[in-house]
Amino acid sequence: MAKDLVEFRNLETHFKTSAGTVKAVNDVSFSIREGETLCVVGESGCGKSVTAMSLMQLIESPPGKIVGGEIMFEGKDLLKLSKKEMSRLRGNEIAMIFQEPMSSLNPVFTIGKQITEPLLYHLTMTQKEAKARAIELITMVGIPRPEKIFDSYPHELSGGMRQRIMIAIALSCNPKLLIADEPTTALDVTIQAQILDLMRDIKTKMNTAIMMITHDLGVVAEMADFVVVMYAGKVIEEAPVLELFREPRHPYTQGLLKAKPIINQRQERLYSIPGQVPNPVDLGENCHFHDRCEFCMEICKVKAPPLRAHIDGHKTACWLYEEEGKAQ
Ligand SMILES: Nc1ncnc2c1ncn2[C@@H]1O[C@H](COP(=O)(O)OP(=O)(O)OP(=O)(O)O)[C@@H](O)[C@H]1O
Ligand SMILES: [Mg+2]
């Protein structure tokens with residue numbers, strides 16, 4: 001098995017709000033291996049983006065703060081690096097693409113300027129070398145007439161092209177880790193499929209590890225090697241993708257998979273998990289899913305189950321599996 005590239009160890013990121021403290025990321029541990037695509041899934045507000053932003057150290061502070069844990073990257077704790085050391089890694093060894101490419105591209109600079117900037121800063125290329133590399137990158141992400149695009153401004157491009165440019169910028173310095181936060185949600189379905197193809201292609205060619213955040217289980221099925229399921233700031237299940245789809249163990253994951261419409265099968269009504277995500281401000285020490293869970297037991301109401309490995313390496317945080325968890 002490939003080596004761990006990133007290891008989140010007991011990460012805790014909180015936000016102080018007028019209503020109280022939001023434990024957005026509440027004791028999260030998981031690893032991303034070299035060259036692997038790991039998808040993080042879960043309902044809105046469960047802490048996916050905050051986990052990624054904690055890694056990038058782009059948490060707005062105040063109100064946010066990383067209050068505990070470690071984020072190991074190639075054996076170094078990112079949380080112990082200076083601002084300068086972190087900014088050298090960002091955009092260079094670790095790059096990120098966001099959901100809405102228009103808000104991440106600067107409208108007043110040409111595409112060429114925005115692609116060459118990291119090349120000049122991180123790789124200290126000359127202007128001429130940077131331009132040649134930028135043209136190469138624009139071609140690599142499948143955009144025709146790269147010279148013309150080099151001199152264009154973001155508003156002259158379509159949404160799909162802008163997202164390709166964001167990918168080109170992210171890949172410009174050959175990062176070891178690419179974080180993609182809902183990279184295709186704002187795009188229409190055909191463009192979405194093309195962008196996913198492109199990312200898969202890149203991963204194979206460059207062996208980049210990808211941490212992909214998505215709501216969409218279709219995207220997970222197509223892209224992931226490994227899946228981490230989050231609920232209310234915690235990891236509640238993790239497994240290789242086929243394993244997770246074949247045998248989801250946590251009742252929440254089972255619900256998520258049931259909620260996905262099955263193509264070519266008429267369903268009377270789309271299943272949705274009953275109840276709502278709990279208020280993030282007053283989360284207790286119990287299982288945060290207990291009041292939505294059809295298997296809820298007494299212990300679930302008072303004590304949170306630990307995330308434990310089963311014999312096959314599949315991990316679940318659920319009291320239903322506790323005996324098996326102990327037997328590893
Ligand atoms: N700047 C902030 N101030 C206060 N609370 C915040 C802030 N940013 C995030 N949160 C809270 O942290 C929790 C996790 O948010 P996060 O953005 O990680 O969710 P998410 O899983 O990415 O959801 P989505 O799928 O909607 O993007 C939420 O309860 C959110 O309200
Ligand atoms: Mg998010």
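When the range 103-119 is filtered for residues that are free of Cβ contacts under 8 Å to residues at least 60 places away in the same chain and either part of a helix (DSSP H, G or I) or under 24 Å from the mean Cα position of the chain (by Cα) (or both), the ones remaining, listed by number, are Ser103, Asn106, Ile111, Gly112, Lys113, Gln114, Ile115, Thr116, Glu117, Pro118, Leu119. Which residues, counting only those in the range 31-45, are touching a helix residue (DSSP H, G or I) at 6+ places or on another chain (Cβ under 9 Å) and either farther than 25 Å from Thr204 by Cα or hydrophobic (A, V, I, L, M, F, W, C) (or both)? Those that are touching a helix residue (DSSP H, G or I) at 6+ places or on another chain (Cβ under 9 Å) and either farther than 25 Å from Thr204 by Cα or hydrophobic (A, V, I, L, M, F, W, C) (or both): Cys39, Val40, Val41, Gly42, Glu43, Gly45.
Is there a residue in the range 117-124 that is farther than 19 Å from Ile167 by Cβ, out of contact with any Lys or Arg (no Cβ under 7 Å at 6 or more places or on another chain) and not assigned by TED's automatic domain parsing to the domain that holds Ile179? Yes, because at least one residue in the range 117-124 is farther than 19 Å from Ile167 by Cβ, out of contact with any Lys or Arg (no Cβ under 7 Å at 6 or more places or on another chain) and not assigned by TED's automatic domain parsing to the domain that holds Ile179. Among the residues making up the range 284-322, a single one is closer than 16 Å to Ala239 by Cα, surrounded by fewer than 17 Cβ atoms within 10 Å (Cβ to Cβ) and more than 25 Å from the chain's Cα centre (by Cα): Ile311.
The single condition among (1) aliphatic (A, V, I, L, M); (2) at pLDDT 90 or above; (3) surrounded by fewer than 17 Cβ atoms within 10 Å (Cβ to Cβ) that Val281 does not satisfy is (2).
So Gly91 ticks every box in (1) under 25 Å from Val219 (Cβ atoms); (2) out of contact with any Cys (no Cβ under 8 Å at 6 or more places or on another chain) but one. Which box is left unticked? Going through the list (1) under 25 Å from Val219 (Cβ atoms); (2) out of contact with any Cys (no Cβ under 8 Å at 6 or more places or on another chain), Gly91 breaks only (2).
The single condition among (1) at pLDDT 95 or above; (2) within 28 Å of Leu283 (Cα to Cα); (3) not β-branched (Val, Ile, Thr) that Ala209 does not satisfy is (2).
So that you can scan it fast, the table gives a plain yes or no per residue for (1) surrounded by fewer than 16 Cβ atoms within 10 Å (Cβ to Cβ); (2) away from ligand 1 (no atom under 14 Å from the Cβ); (3) in the same structural domain as Val235 (by TED's automatic domain parsing):
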{"position": "Cys46", "(1), (2), (3)": "no, no, yes"}
{"position": "Ser49", "(1), (2), (3)": "no, no, yes"}
{"position": "Ala52", "(1), (2), (3)": "no, no, yes"}
{"position": "Gln57", "(1), (2), (3)": "no, yes, yes"}
{"position": "Gly64", "(1), (2), (3)": "no, no, yes"}
{"position": "Gly68", "(1), (2), (3)": "yes, yes, yes"}
{"position": "Met72", "(1), (2), (3)": "no, yes, yes"}
{"position": "Gly75", "(1), (2), (3)": "yes, yes, yes"}
{"position": "Ile111", "(1), (2), (3)": "no, yes, no"}
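In the range 174-191, the residue that is modelled with the highest pLDDT out of those that are within 20 Å of Thr139 (Cα to Cα) and open to solvent by 10 Å² or more (accessible area, probe 1.4 Å) is Asn174.
Restricting Thr21, Thr37, Thr17 to those that are touching a residue at least 12 places away in the same chain (Cβ under 8 Å), in the same structural domain as Lys83 (by TED's automatic domain parsing), crowded, with 18+ Cβ neighbours inside 10 Å and more than 16 Å from ligand 2 (Cβ to nearest atom) reduces the list to Thr37.
For Phe8, the test of being more than 22 Å from Pro306 (Cα to Cα), crowded, with 19+ Cβ neighbours inside 10 Å and assigned by TED's automatic domain parsing to the domain that holds Ala309 is failed.
Residue count for the range 120-166 under the criterion of being in a helix (DSSP H, G or I), among the aliphatic types (A, V, I, L, M) and open to solvent by 50 Å² or more (accessible area, probe 1.4 Å): the result is 4.
Across the range 225-244, the qualifying residues are those that are open to solvent by less than 10 Å² (accessible area, probe 1.4 Å) and more than 16 Å from ligand 2 (Cβ to nearest atom), and the one among them that is nearest to the chain's Cα centre (by Cα) is Val227.
Please tell me if Lys84 is at pLDDT 95 or above and either open to solvent by 60 Å² or more (accessible area, probe 1.4 Å) or within 16 Å of ligand 1 (Cβ to nearest atom) (or both).
Taking the combined requirement at face value, the residue does not satisfy it.
The values are calculated or read from the model by the stated rules, or taken from the named source; none is laboratory data. All figures in this text were calculated on a predicted structure; none of them were measured in a lab. Don't worry about glycine lacking a Cβ; one is built from the backbone with ideal geometry, like all the others, and counts go over all protein chains shown. Accessible surface areas use protein heavy atoms only, side chains included; no ligands, DNA or RNA. Shrake-Rupley method; radii C 1.70, N 1.55, O 1.52, S 1.80 Å.
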